[in-house]
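Asker: Following this message is one structure expressed as C-alpha cells.
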Amino acid sequence: DSGVTQTPKHLITATGQRVTLRCSPRSGDLSVYWYQQSLDQGLQFLIQYYNGEERAKGNILERFSAQQFPDLHSELNLSSLELGDSALYFCASSASGTGGTGELFFGEGSRLTVL
Amino acid sequence: DQQVKQNSPSLSVQEGRISILNCDYTNSMFDYFLWYKKYPAEGPTFLISISSIKDKNEDGRFTVFLNKSAKHLSLHIVPSQPGDSAVYFCAALDGGNTPLVFGKGTRLSVIA
C-alpha cells in the first residue's frame, strides 16, 4: 500500500460528459502529480501541484483542469470527454516539490472509459 | 518526442535466468534515473535508481547499469523469479526541473 488513495477506481461515461477524479496523497506529502496512461503509451505527465499551487504543467489538454485543496487532496477534472480520453489516470505524491530524487508514490489509478 | 525510450514492449525469460531490460534516453540533462515496476491493477512502485555520477547500482537481485556516453541504461534481474513478471518502466529526471519522464514500459514474463 503506497498510502496514495484514488477514487473512483473505475468510471464509465459518455462522450461530452464531465468527470472528476480524486486523489489523497500520502500523509505529509505536499506534492501531487497526475499522469495519464493510454493504451500502449507510457505514463504521460499532466500536471503537478505543490502545497496548493501549480508547480509544473505537462501535456494537459485545455479540457482538463486540476486543483489541490488546503487539505492537500487533489482533483482532476476532465470535461467534454472524447473517446480518446479513455485511459488510466494515476495520481502520485512526493514530499518534495522540486523532483528531489524522483521517487514518487503512486495510487492504484482510476480507469476511465468513455463510450 | 519520446525522451525516454524502451524499445522492447515485451520480454520472456526462464525462471532462474537473467532478465535484461533496456532503456535509452535523448536528453543529456537527465541526471537521475529510476526503474518502476507495475503489477496489473496496481500503481507503479519504485524499484531502483541510479545517479548520473555512478555507472552501477545494485540492490539484491536487481542491478542498474548506466552508460552515459551511449545514453543507455539497463536493469538486470538475477535470478529471475515468476513474481518478477510485471511491466517495468524506465524514468528520468533532469535535476528536479521537471517531473519524472517515463518510457512506455517493457512487460516481463518469467516462465517457471
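The values are calculated or read from the model by the stated rules, or taken from the named source; none is laboratory data. Because the structure is predicted, anything quoted here is derived from the model rather than measured. Ideal geometry is used to build each Cβ from the backbone, glycine not excepted, and the neighbour counts take in all protein chains shown.
Asker: Just to be sure, is A:Ser86 of a type in the set (Ser, Thr, Tyr), within 13 Å of another protein chain (Cβ to nearest Cβ) and surrounded by 14 or more Cβ atoms within 10 Å (Cβ to Cβ)? Spell out the reasoning first.
Answerer: On the way: of a type in the set (Ser, Thr, Tyr): yes; within 13 Å of another protein chain (Cβ to nearest Cβ): no; surrounded by 14 or more Cβ atoms within 10 Å (Cβ to Cβ): yes.
It is false that A:Ser86 is of a type in the set (Ser, Thr, Tyr), within 13 Å of another protein chain (Cβ to nearest Cβ) and surrounded by 14 or more Cβ atoms within 10 Å (Cβ to Cβ).
Asker: Going through segment B:11-32 one residue at a time, which ones are in a strand (DSSP E or B) and modelled with pLDDT under 95?
Answerer: Going residue by residue through segment B:11-32, those that are in a strand (DSSP E or B) are B:11-14, B:19-25, B:32.
Hit for segment B:11-32 is B:Tyr32, nothing else.
Asker: Considering only segment A:75-97, I want to know if a residue exists there that is in contact with a strand residue (DSSP E or B) (Cβ under 7 Å, 6 or more places away or on another chain), farther than 30 Å from B:Asp1 by Cα and at pLDDT below 95.
Answerer: no
Asker: With over 26 Å from A:Gln6 (Cα atoms), more than 13 Å from every other protein chain (Cβ to nearest Cβ) and of a type in the set (Asp, Glu) as the only criterion, which of B:Asp55, B:Asp31 stands out?
Answerer: Details: B:Asp31 fails: more than 13 Å from every other protein chain (Cβ to nearest Cβ).
Just one listed residue meets the conditions, B:Asp55.
Asker: Take the residues in segment B:81-102 that are touching a strand residue (DSSP E or B) at 6+ places or on another chain (Cβ under 7 Å) and more than 13 Å from B:Lys37 (Cβ to Cβ), then tell me which one is modelled with the highest pLDDT. Quick ask: steps written out before the conclusion?
Answerer: Narrowing segment B:81-102 to residues touching a strand residue (DSSP E or B) at 6+ places or on another chain (Cβ under 7 Å): B:81-82, B:84-93, B:98-102.
Going one step further and asking which of them are more than 13 Å from B:Lys37 (Cβ to Cβ), we end up with B:82, B:92-93, B:98-101.
On the way: B:Pro82: 96, B:Ala92: 93, B:Leu93: 89, B:Thr98: 74, B:Pro99: 83, B:Leu100: 88, B:Val101: 91.
Ranking the candidates gives B:Pro82 first.
Asker: Continuing with the same structure: With B:Ala92, B:Ala70 as the choices, which residue is among the aliphatic types (A, V, I, L, M), assigned to a strand (DSSP E or B) and at negative phi?
Answerer: Working: B:Ala70 fails: assigned to a strand (DSSP E or B).
B:Ala92 is the lone residue from the list that is among the aliphatic types (A, V, I, L, M), assigned to a strand (DSSP E or B) and at negative phi.
Asker: Counting only residues that are surrounded by 23 or more Cβ atoms within 10 Å (Cβ to Cβ), more than 8 Å from chain A (Cβ to nearest Cβ) and either of a type in the set (Ser, Thr, Tyr) or more than 20 Å from B:Asp55 (Cβ to Cβ) (or both), how many does segment B:81-105 have?
Answerer: Final tally of qualifying residues: 1.
Asker: Please work out which residue is farthest from the chain's Cα centre (by Cα), limiting yourself to segment B:56-112 and to residues that are among the aliphatic types (A, V, I, L, M) and under 13 Å from B:Leu11 (Cα atoms). Step through it out loud before you land on a result.
Answerer: Within segment B:56-112, the subset among the aliphatic types (A, V, I, L, M) is B:64, B:66, B:70, B:73, B:75, B:77-78, B:86-87, B:91-93, B:100-101, B:108, B:110-112.
After this cut, where a residue has to be under 13 Å from B:Leu11 (Cα atoms) as well, the list is B:75, B:77, B:86-87, B:108, B:110-111.
On the way: B:Leu75: 5, B:Ile77: 10, B:Ala86: 12, B:Val87: 10, B:Leu108: 11, B:Val110: 16, B:Ile111: 20 Å.
Once the filter is applied, the top-ranked residue is B:Ile111.
Asker: While we're looking at this one, here's another question. Here is a list of conditions, (1) surrounded by 14 or more Cβ atoms within 10 Å (Cβ to Cβ); (2) under 16 Å from A:Phe106 (Cβ atoms), and B:Pro40 meets all of them except one; can you say which number that is?
Answerer: The number of the failed condition is (1).
Asker: Which residues, counting only those in segment A:18-50, are part of a loop (DSSP other than H, G, I, E, B) and either touching an Asp or Glu at 6+ places or on another chain (Cβ under 8 Å) or surrounded by 13 or more Cβ atoms within 10 Å (Cβ to Cβ) (or both)?
Answerer: Of segment A:18-50, the ones part of a loop (DSSP other than H, G, I, E, B) are A:18, A:25-30, A:38-42.
Passing the criteria: A:Pro25, A:Arg26, A:Asp29, A:Leu30, A:Ser38, A:Gln41, A:Gly42.
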